[in-house]
Amino acid sequence: MDLKLFDFQLDKNKIALEPVSPRDHSRLLVLDKNYSDLNFYDLPSFLDAGDTLVLNETKVIPSYFECIRKRADKSSKIKLNLIKELEDGSWLILVKPKKRVRINDKIIFSATDEIEAIVLAFEEDDHVKISFNLDKEKLIKWIFVNGTMPLPPYIMSQRDIKKEDELDYQTVYARTHGSAAAPTAGLHFTENLIEEIKSKGVNICTVILHVGSGTFSPIKTNDILDHKIHSEWCCLGADQVKILNQTKENNNKIVAVGTTSMRILETAVNMEGVFSEYIGETDIYITPGFKFNAVDILVTNFHLPRSSLFVLVCAFYGIQNMQKAYRYAIKNNYRFYSYGDACLIKKNYDI
């Protein structure tokens, strides 16, 4: 399937560099057989008692650092993002530029605190494996005090990171740290909006999927089916499985907030629409032709062209339908990407 089918042109001025305040005052484009231009605080009107809203409660690690690379008596400045902690305690990172580091190089995160790491290996897709000189518990505490929020390059290339991003780039319901990027559809929720949704008798189901670089890495293959997505750790607990299966049995709607929530739900469901407890890695890659067994409605932001996330929404709503919707959003000045507006997509059963 040709990558060009999932391309579109977007002017730089359509990229949101700041979030809307209050969060739920962002715009909401509703995609059904027709379009509706609303605000995010209108979301409860699409939910009924007995429906289930699925939230990814992963917490973003402040994982952006500007460090010193040391090699013998030479040193240079590098920029990097911590991506994922591995089972052996080492970390995968993305270094900019990667060619500036070699195996056995020392990376100085803080000379004052004596926090440093050694480059161990080069992994797939520009990942570099490093080992810190600090144990896990102390390291995580140090990272949360000293790291910077890992805003996407399309924001950082246009402005500096601000103190406000520490809150703005985190959902109000974030609980479990582990993500290298925010599940951005969730950034639109306020605590009051969640309470309003609960008051309607809507179930809140929480899942965890720690966002890694696999979610946002661009597709580089001409055929999208040749693209490989890196696995990400996720969890769907037994109590949440009960809620989801009851929702299905009662013929109510399951509403996934974000592509991350959708990916774990479609990982943990069988062909009959029955959910099971799931803890582990998922590398599910949702492309056109995929049979959705879990989700009825997807709430998500507007995604980058030629990305696996845009491919996913095209699979849910139809390629031509989604291209048309994005043209409408661009024409009507919707704000794109992480700090941008949202859309509510009802599954297209005709594709």
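Please verify whether the range 171-179 includes one or more residues that are among the aliphatic types (A, V, I, L, M) and in contact with a Gly (Cβ under 9 Å, 6 or more places away or on another chain).
Yes, the range 171-179 contains at least one residue that is among the aliphatic types (A, V, I, L, M) and in contact with a Gly (Cβ under 9 Å, 6 or more places away or on another chain).
Within the range 70-93, can you find the residues that are farther than 18 Å from N146 by Cβ and surrounded by fewer than 21 Cβ atoms within 10 Å (Cβ to Cβ)?
Here is the first cut: in the range 70-93, the residues farther than 18 Å from N146 by Cβ are 70-76, 84, 86-90, 92.
Scanning the range 70-93 gives K70, R71, A72, D73, K74, S75, S76, L86, E87, D88, G89, S90.
I'd like the residue in the range 159-179 that is assigned to a loop (DSSP other than H, G, I, E, B) and polar (S, T, N, Q) and, out of all such residues, is surrounded by the most Cβ atoms within 10 Å (Cβ to Cβ). Ranking the candidates gives T171 first. Specify which of the listed residues (L304, L344) is in a loop (DSSP other than H, G, I, E, B), touching a Phe, Trp or Tyr at 6+ places or on another chain (Cβ under 7 Å) and in contact (Cβ under 8 Å) with a residue 60 or more places away in the chain. Among L304, L344, only L304 is in a loop (DSSP other than H, G, I, E, B), touching a Phe, Trp or Tyr at 6+ places or on another chain (Cβ under 7 Å) and in contact (Cβ under 8 Å) with a residue 60 or more places away in the chain.
From the set of residues in the range 15-73 that are of a type in the set (S, T, Y), within 19 Å of the chain's Cα centre (by Cα) and not in a loop (DSSP other than H, G, I, E, B), which is modelled with the lowest pLDDT?
Filtering the range 15-73 down to residues of a type in the set (S, T, Y) leaves 21, 26, 35-36, 41, 45, 52, 58, 63-64.
In the following step, the residues that additionally are within 19 Å of the chain's Cα centre (by Cα) were identified as 26, 58, 63-64.
Right, trim to not in a loop (DSSP other than H, G, I, E, B) and you get 58, 64.
Numbers: T58: 98, Y64: 95.
Selected residue: Y64.
Of the listed requirements (1) touching a strand residue (DSSP E or B) at 6+ places or on another chain (Cβ under 9 Å); (2) modelled with pLDDT under 95; (3) part of a loop (DSSP other than H, G, I, E, B), A182 misses just one: (2).
Among the listed residues D88, D42, D32, D73, identify the single one that is in contact (Cβ under 8 Å) with a residue 40 or more places away in the chain and either on the phi < 0 side of the Ramachandran plot or assigned by TED's automatic domain parsing to the domain that holds F316 (or both).
One residue alone meets the criteria, D32.
Checked against (1) surrounded by 17 or more Cβ atoms within 10 Å (Cβ to Cβ); (2) in the same structural domain as D51 (by TED's automatic domain parsing), K220 passes all but a single condition, namely (1). Within the range 125-137, can one find any residue that is part of a helix (DSSP H, G or I) and over 21 Å from the mean Cα position of the chain (by Cα)? Yes, the range 125-137 contains at least one residue that is part of a helix (DSSP H, G or I) and over 21 Å from the mean Cα position of the chain (by Cα).
The values are calculated or read from the model by the stated rules, or taken from the named source; none is laboratory data. Given the structure is predicted, the values throughout are model-derived calculations rather than measurements. Here the Cβ is made from the backbone with ideal geometry for all residues, glycine too, and neighbour counts use every protein chain on show.
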